[in-house]
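Structure first, commentary second.
The values are calculated or read from the model by the stated rules, or taken from the named source; none is laboratory data. Here the structure is a predicted model, which means the values were calculated and not measured. Reconstructed Cβ throughout: ideal geometry from the backbone, glycine too, with neighbour counts over all protein chains shown. Accessible surface areas use protein heavy atoms only, side chains included; no ligands, DNA or RNA. Shrake-Rupley method; radii C 1.70, N 1.55, O 1.52, S 1.80 Å.
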Amino acid sequence: MMKTVYRILPLALVIVLLGSCAKMNIKDGTAAYNNLRYQDAITLLEKGLSKVENEDARRMLASAYMKTNDYQKAKENYSILNSSTGNTDTDRLNYGMSLMQTGDYQAATEVFNGILSRDPGNSVAQSLKSSCKKIAEYKADSARYEVSPVMLTGVTAAYAPVLSGNKMLFSGAVGKMGEQDEYSGLGFTDLYSSTNNGGTWSAPAKVEGVNSKYHDGIATISPDGNTMILTRSNYERKNRLGKNGENENEMQLYTSTKDGEGKWMEPVIMPFSDGNYMYAHPHYSADGNTLYFSSDMQGGFGGMDLYKVTMVNGAWGKPENLGGDINSPGNELFPSMRGQDSLYFSSNGQQTIGGQDILYAVKKGSGWNGPFHLPYPINTASDDFGVAFVPGTSTGYFSSDRAGNDQIYSFVENDMTFVLKGLVTKQISGDPLEKAIIIVTNLTDGTEERFETDDIGMYELNLLQGKDYTIRVEKDGYFASNENVSTKNKTAGEDILLNVGLLELSNPEGSTTNIGDGSENGSGNGNPDGNGNGNGNGNQSGGVPSGVDKNAPYQIPNILWDYNKWNIRNDAVPYLNYVAKLLKDNPDLKVEIASHCDSRGSDFFNEQLSQKRAKAVTDYLVTKGVRRSMLTSKGYGKSKLLNKCSDDVPCSEEEHQLNRRTEFTVISITKK
């Protein structure tokens with residue numbers, strides 16, 4: 001018995017010692033994590049967790065792997081955490097993101113569904129779930145871009161390219177030589193420059209005058225080439241890092257100008273960079289009067305948000321958040337402008353194949369259209385960010401960690417155009433319409449172009465690949481028509497035919513002519529539920545509108561009513577849907593819906609019945625998206641017969657049917 005006890009004691013002592021070592025590793029790993037020393041944290045936490053399980057330590061280890069771009073290891077650790085009792089929806093969200101970044105979109109969708117079942121308003125989970133469903137769509141446009149790595153010798157990591165003439169500035173880091181960034185395990189980043197020599201980039205050299213002991217990089221050059229704004233570690237004084245209230249060194253924006261010899265002078269901190277928050281990723285506008293950047297300052301929408309600041313009387317003003325059109329609960333980083341109107345940036349909180357993806361938005365008034373997602377292979381399941389365009393070309397550069405470390409890639413945007421052509425005619429006679437206006441709206445970025453038909457009603461124009469468009473056809477005196485066209489999943493060079501027949505605002509054949517053909521599309525090849533902005537001119541007070549000669553009504557065919565009933569029958573639905581599309585395409589019109597009866601029955605009975613039928617048609621059109629303010633309804637009873645079949649005149653059923661009709665008439669056009 002005593003021998004057994006003596007044999008057990010050393011084993012128990014070993015267990016105690018191992019547990020003590022594990023706790024010490026976890027304690028030291030936690031301290032390293034909190035001090036942003038993620039590589040040290042990974043080593044220590046792995047050692048500790050190999051001996052004893054600890055949820056908080058597992059959470060930090062998974063996060064450290066995510067922050068150092070080892071998504072496979074992050075996924076493995078979040079998976080362990082996901083099976084524990086103390087995991088949170090934040091853990092699950094990160095687990096889903098790691099699944100996306102390793103290409104397992106189905107499993108990620110299941111994780112996001114679980115989050116949304118508990119928290120339906122979780123906008124990040126909603127956005128990422130939507131992205132998982134769109135992976136095939138994001139990759140369908142893969143032929144649009146050709147991507148190649150840029151060979152830059154002497155640096156281990158390179159990112160955030162900025163073009164200045166034939167030079168490219170970028171942030172770079174070398175391997176484990178000298179002092180290291182404990183976040184990445186590499187040396188501290190510096191700002192480098194490389195020169196393009198006929199398509200080959202020279203060996204990178206550090207930019208003189210702006211690099212310091214710690215991090216420097218992610219720069220922008222003013223249009224005149226004399227001012228640089230860059231991101232660098234916050235300094236209290238030379239070579240001494242400044243710390244915020246949480247004992248963290250936040251990256252700040254610094255500015256440097258050239259001296260009389262054209263050399264960069266010692267950078268000084270920007271006036272609005274206060275050291276308490278991160279200010280990074282600067283980008284000058286084309287005119288040099290606006291600076292875009294990223295910051296996690298208080299009052300944003302999520303982690304890092306995009307801001308702009310404008311120069312007034314030679315001084316930078318107060319930073320302004322770009323708002324919810326651009327920023328999300330996630331991180332928006334690396335802004336850059338293409339021309340005056342298109343803002344490119346990266347985000348992990350909106351549309352993404354995985355991690356940070358490059359998006360763009362188009363300026364519209366005081367807001368933005370978008371953002372819109374660039375397709376594969378620009379974006380991948382890895383982090384893709386920091387795009388720069390060669391001015392006036394369809395080429396550029398961007399950063400990605402798809403190969404492990406951050407690397408710069410070049411891209412060429414291929415000419416993927418389609419020819420859209422067709423004939424615009426009068427719908428009833430088929431006569432061609434010259435000088436009809438074709439308005440092409442790119443639904444992807446909101447841009448708009450206008451064209452005209454030629455003297456025989458023909459038109460021909462180019463569309464980009466992988467886009468959705470609305471084609472609006474207008475001409476004074478005619479109902480406009482909106483048709484939807486998509487170039488997604490089409491072969492480059494394939495022609496698209498779209499013939500459009502426009503209906504005159506006033507029936508040229510008088511009130512006996514029907515409109516529509518029983519299909520819900522009516523003229524052209526469009527969707528019956530299109531919409532548009534309308535056109536035309538006239539007055540709101542009624543009477544004959546401009547472009548309308550006779551103010552004659554159009555009959556809506558096949559609107560048949562059961563005896564003494566006013567409910568819409570199924571056989572009338574296709575024709576009413578056609579009218580609904582026609583009116584939604586022309587929201588500037590005011591239209592009367594009129595219903596008529598035959599002569600049988602009393603005047604009072606027929607007036608009441610026809611009014612109910614006119615109202616039923618009006619109500620149906622409203623359910624299909626027509627604004628009620630466009631419509632008036634009136635029942636005329638038997639007061640407007642089209643033939644001899646008045647009271648006591650013997651007529652066939654077919655003759656009586658001619659008088660039982662529903663019509664619409666344009667009564668005014670809103671001035672624009």
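On the beta carbon distance between LEU497 and ASP431, with R0 = 22 Å, the FRET formula returns roughly 0.70. Spin-label model, SER646/THR195: points 7 Å from Cα along the beta carbon direction are separated by 9.9 nm.
In order along the range 345-360, the phi-based Karplus estimate (6.51 cos²θ - 1.76 cosθ + 1.60, θ = phi - 60°) of 3J(HN,Hα) comes to 6, 10, 8, 10, x, 10, 6, 7, 7, x, x, 6, 10, 8, 10, 8 Hz; Gly and Pro are listed as x. Quote the FRET efficiency, to the nearest 0.05, computed for ALA403 versus ARG627 with a Förster distance R0 of 35 Å and r equal to the Cβ-Cβ distance. In this case the efficiency is close to 0.05. When peptides 420-427, 474-481, 460-467 are sorted by average Cβ neighbour count within 10 Å, with the highest value leading, the order is 474-481, 420-427, 460-467.
On the accessible surface of the range 547-672, probed at 1.4 Å, how many percent belong to carbon and sulfur atoms?
Carbon plus sulfur share of accessible area: 51 percent.
Note that the range 254-384, at 20 °C in a medium of 1.002 mPa s, gets a Stokes-Einstein diffusion coefficient of 137 µm²/s from its Kirkwood radius over C-alpha pairs.
You can think of it this way: the chain between LYS133 and LYS167 has 8.2 nm of extra reach, that is 0.36 nm per residue less the Cα-Cα gap.
In this structure the range 259-364 gives 41 Å² per residue of accessible area when probed at 1.4 Å with all protein chains present. For SER164, the shell of other residues with beta-carbons less than 14 Å away shows a net charge of +1, using +1 for Lys and Arg and -1 for Asp and Glu.
The Cα atoms of the range 385-424 cover 55, 22, 12 Å along the three principal axes, with the biggest extent listed first. When the P(r) is computed for the range 18-71, the part past 17 Å accounts for 23% of the Cα-Cα pairs. Taking a Cβ cut-off of under 15 Å around GLN126, the surrounding Lys, Arg, Asp and Glu residues balance to a net charge of +2, with basic ones at +1 and acidic ones at -1.
Please calculate how many Å² of accessible area the range 30-143 carries per residue, with a 1.4 Å probe and no DNA, RNA or ligand atoms counted.
Per-residue value: 46 Å².
Over the range 308-357, the pair-distance histogram of Cα-Cα distances with 5 Å bins from zero comes to 5, 17, 22, 23, 18, 9, 4, 2, 0 percent, rounded to whole numbers.
Shown for the range 237-373: the carbon plus sulfur share of the solvent-accessible area, taken with all protein chains present and a 1.4 angstrom probe, equals 45%. Taking label positions 7 Å along the Cα-Cβ direction at both MET311 and PHE604, the computed distance is 8.3 nm, reported to one decimal. Straight-line cross-link reach from LYS263 at under 16 Å between alpha-carbon atoms covers these lysines, not counting any fewer than eight positions away in the same chain: LYS167, LYS206.
log₁₀ I(q)/I(0) of the range 329-380 at q = 0.15, 0.27, 0.31 Å⁻¹, via Debye over equal Cα point scatterers, no solvent, to two decimals? Results for the range 329-380 at q = 0.15, 0.27, 0.31 Å⁻¹ read -0.38, -1.06, -1.24.
Over 28 Å apart at the Cα level, from the set LYS435/LYS584; LYS67/LYS129; LYS47/LYS133, are LYS47/LYS133.
Peptide packing: for 327-334, 360-367, the average count of neighbouring Cβ atoms within 10 Å per residue gives the ranking 327-334, 360-367, highest mean first. Peptide packing: for 127-134, 74-81, the average count of neighbouring Cβ atoms within 10 Å per residue gives the ranking 74-81, 127-134, highest mean first. Taken as Cα centroids, the range 322-353 and the range 259-302 sit 17 Å apart, rounded to the nearest whole angstrom.
Note on LYS263/GLU110: beta-carbon distance plugged into 1/(1 + (r/R0)^6) with R0 of 51 Å gives a FRET efficiency of 0.35.
Partners of LYS638 within straight-line reach, counting lysines whose Cα lies under 21 Å from its Cα and excluding those fewer than 8 residues away in the same chain: LYS565, LYS612, LYS615.
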